[in-house]
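Participant: Starting off with a structure, shown below.
The values are calculated or read from the model by the stated rules, or taken from the named source; none is laboratory data. Here the structure is a predicted model, which means the values were calculated and not measured. Don't worry about glycine lacking a Cβ; one is built from the backbone with ideal geometry, like all the others, and counts go over all protein chains shown.
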Amino acid sequence: MRPFYKTQSVKTVVAVISLLSAVYFVVAYAPARLSTEFDDAYMYCRYASNFLAGYGFSWNAADGPAFGATSPVFLFLITVSKSLFTADNSFLLSFTSFSTGLLGLAVLVFAGYKFGKLLSKKHLPLLVIPLCLVSTSFRYHSFTGMETTLAFLANAILILSVVLYSSKPGETRFVFMLLASVLTFMVRPDFQEQGLCLLFQ
């Protein structure tokens, strides 16, 4: 008789737990929390509103452009979102951090599958989903309306780029790793060291 951990049941259990946790998070947990009261998040909406009104990225329209947001990429996302949708700021901010967090999970799972058969044959990369969703820190930052989950996504993309390059080095994959490193810096400038360290190993 084969041990349980070597049977097909492992794949089924892992897949069911992971997918059910994702469905619960999106359908039951998230809807009541898509409204942030995190004050710092609203600075992005203020900069974006002034830009869309023709005053540039400024805190006070009368003072002219003066950039002070911590994440250029997150500011870009909020500005584009405000130009396309009429949702209130609270929902817009929360939904952006929520969706980038989910994308980060998806990229990490994909990176796990690309890492090798040892993980993928039992669907073990899917366990990233419940492991993150049980984390109070991940759940909290998914609805603050801040750039934290966007940074999580950027780091997940960087991890994926390293996995791909390590498995099969090539110019295209190196460029992808380079761009992923630049993205982490543009999302959060204080992440610059990790990208540079990876590139010059």
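Participant: When you go through (1) out of contact with any Pro (no Cβ under 6 Å at 6 or more places or on another chain); (2) part of a helix (DSSP H, G or I); (3) modelled with pLDDT of 90 or more one by one for Asp190, which number turns out not to apply?
Facilitator: It fails just one condition, (3).
Participant: I've got another one for you. Just name the residue that is farthest from Asp190 (Cα to Cα) out of those in the stretch 46-56 that are out of contact with any Gly (no Cβ under 9 Å at 6 or more places or on another chain) and either of a type in the set (Phe, Trp, Tyr) or in contact (Cβ under 8 Å) with a residue 12 or more places away in the chain (or both).
Facilitator: Top of the filtered list is Leu52.
Participant: Among the residues of the stretch 117-156, which ones are in a helix (DSSP H, G or I), within 19 Å of the chain's Cα centre (by Cα) and over 12 Å from Gly101 (Cα atoms)?
Facilitator: Pro125, Leu126, Leu127, Val128, Pro130, Leu131, Thr136, listed by residue number.
Participant: Would you check which residues across the stretch 64-106 are in a helix (DSSP H, G or I) and among the β-branched types (Val, Ile, Thr) and list them?
Facilitator: Val73, Ile78, Thr79, Val80, Thr96, Thr100
Participant: Counting only residues that are out of contact with any helix residue (DSSP H, G or I) (no Cβ under 7 Å at 6 or more places or on another chain) and either crowded, with 17+ Cβ neighbours inside 10 Å or in contact (Cβ under 8 Å) with a residue 40 or more places away in the chain (or both), how many does the stretch 57-75 have?
Facilitator: 1
Participant: Going by the conditions given, is Leu160 modelled with pLDDT of 95 or more and part of a helix (DSSP H, G or I)?
Facilitator: yes
Participant: Between a residue in the stretch 173-197 that is within 23 Å of Lys114 (Cβ to Cβ) and any residue that is at pLDDT below 85 and part of a helix (DSSP H, G or I), which pairs come within a Cβ distance under 6 Å, given they are 6 or more apart or on different chains?
Facilitator: Ser181/Gly195; Ser181/Leu199; Thr184/Phe191; Thr184/Gly195
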